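Take a look at the structure set out below.
The values are calculated or read from the model by the stated rules, or taken from the named source; none is laboratory data. A quick note: this is a predicted structure, and the numbers were derived from the prediction, not measured. Cβ atoms come from the backbone with ideal geometry, glycine included; neighbour counts cover every protein chain shown. Accessible surface is based on the protein model in full, side chains and every heavy atom, while ligands, DNA and RNA are left aside. Shrake-Rupley method; radii C 1.70, N 1.55, O 1.52, S 1.80 Å.
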Amino acid sequence: GGPPAQAQQPAAAAMDGPDFDAQGHFEGIVTTGSVADLFRAANVVDAEVRDLDGDMQMVCYENYSKFVRATEVTSLVRSSVKALDPDLGRLESSFAEISEMQQKVEEGISGRAREIELLLKRQRRCQKLQALFDLPATLQRCLDREAYGKACEAYANCTPFLRQYRHINTFRSVLEAAELQMGRIRTALEWRLRSPELSSKEAMNSSATLLDLGEQPPKVARDFLSGRDAALRSCLGVCFGQEEGLSAGDTLRAACGRVVSEYVPELLDAIDGFKRLQQGCDVSGEGFDPESSLTAFASSAFDSLLSRTALLAERLQPPVEDLVTSASSVRDVSERLGAHLPEVLEKSLAAFLGRVLAGGGGGGFD
């Protein structure tokens with residue numbers, strides 16, 4: 001008998017290798033195997049040959065089909081290109097006509113284009129001159145609308161040219177009218193800066209505009225504090241306004257709550273705004289000391305708050321627990337203001353607490 005069938009698999013696999021020795025393989029089978037093994041190996045080889053032959057035929061058929069299809073497509077493309085020859089010729093002729101017409105158009109408008117460019121330059125100059133002549137009216141509209149920042153910008157853009165050519169009567173008249181309007185705007189800004197109706201942010205914008213107009217920084221800083229002081233007095237009056245239908249304790253607590261939510265933020269914004277004003281320029285001079293002025297401003301605002309709170313507590317005579325709550329609120333306010341107020345803050349707060357608690361019977365507050 002011969003070797004098992006699985007022993008022939010490595011030999012069959014070796015037939016696919018590049019170093020296969022056909023003669024040696026045949027002699028090995030004849031020498032070691034039986035006639036049945038020889039026939040079996042021959043049948044396997046014949047089957048593989050038939051499979052390979054079929055694969056080759058399939059590949060040849062597929063390639064032939066692709067070749068035929070490619071030939072047909074090439075023929076169609078060649079026919080289509082030939083059919084396009086007349087159209088391509090007309091297209092080339094049209095491009096030539098377009099180029100010729102373009103050249104004629106350019107030759108025709110080149111002179112007019114230079115004229116148009118010159119006219120556009122003149123138009124831009126006329127627009128600039130119109131803006132210069134309209135400057136007084138523009139400033140008046142800004143004054144009516146309280147758009148002081150835009151007025152300052154328009155004035156700054158136009159006046160250098162007007163001053164350069166002020167020897168010309170027309171430009172001198174425009175400059176004088178514009179300066180008259182800017183004087184009115186400056187006066188309106190100064191009044192606005194001292195107004196109690198202005199918020200701290202709006203006061204900062206007005207201060208910046210006045211400084212841009214050349215106003216002296218010490219005067220702007222002094223007016224800023226004056227306006228903020230008036231605004232705080234107005235806010236304090238609202239915080240301690242009369243309320244109907246509330247008990248003494250509820251009235252005092254409501255007033256302290258409005259102080260915390262309205263008065264204290266306004267005071268802090270004013271202090272912060274003044275410090276930013278100091279950072280932008282030197283506001284000292286003309287007998288104005290910014291540090292001491294800010295200290296006096298903050299101390300006065302805090303003392304006014306303490307005085308109004310104490311007067312309300314003395315008038316209402318609320319229960320002790322309400323006095324303690326209100327005093328705690330005031331002490332919290334003093335802690336928030338501690339970074340901006342002088343050392344006299346502690347004395348003012350101590351005097352306030354003693355006055356309020358003494359009036360309410362004392363006790364219960366450390």
- Query: Measuring with a 1.4 Å probe in the full set of protein chains, what accessible area per residue, in whole Å², belongs to the chain?
  - Reply: 62 Å²
- Item | 19 Å reach of a label modelled at GLU146, 7 Å along Cα-to-Cβ, counting backbone N of region 231-262 | 231-235
- Using a simple charge model, +1 on the beta-carbon of Lys and Arg, -1 on the beta-carbon of Asp and Glu, nothing else, what dipole does the chain show about its Cα centre, in debye to the nearest 20? 2720 debye
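Hey, could you get me the Stokes-Einstein D for the chain, Kirkwood radius over alpha-carbon pairs, 37 °C and 0.692 mPa s, rounded to whole µm² s⁻¹?
Working: Rh = 31.8 Å.
For these conditions, the coefficient is 103 µm²/s.
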- Item | Solvent accessible area, Å² - ASP55, 1.4 Å probe, full protein context | 90 Å²
- Going toward the positive end of the dipole of the chain, with +1 on Lys and Arg Cβ and -1 on Asp and Glu Cβ, which of MET56, GLN216, LEU246 do you reach last? GLN216
- Message: Contact order normalised by length for the chain, with contacts defined as Cα pairs under 8 Å and 6 or more residues apart; what percent is it?
- Response: 11 percent
- Message: Working only with C-alpha atoms, what are the Rg and Dmax values of region 77-155, expressed in angstrom?
- Response: 28.5, 81
- Task: Quote the accessible area belonging to LYS128 in square angstrom, nearest 10, computed with a 1.4 Å probe and with ligands, DNA and RNA left uncounted.
- Result: 150 Å²
- Carbon and sulfur %, accessible surface of the chain computed with the full protein complex present, 1.4 Å: 55 percent
- Query: Summing -39500 (n - 2.57) over the DSSP H runs of n ≥ 4 in the chain and dividing by its residue number, what mean residue ellipticity at 222 nm do you reach, to the nearest 500 deg cm²/dmol?
  - Reply: -28000 deg cm²/dmol
- Given PHE95, PRO18, ASN157, which one lies farthest toward the positive end of the charge dipole of the chain, if we put +1 on the Cβ of every Lys and Arg and -1 on the Cβ of every Asp and Glu? ASN157
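So for THR325, THR209, THR138, what's the accessible-area order with a 1.4 Å probe, most first? Before the final figure, lay out each step's value.
Numbers: THR325 65, THR209 15, THR138 35 Å².
Descending accessible area places them as THR325, THR138, THR209.
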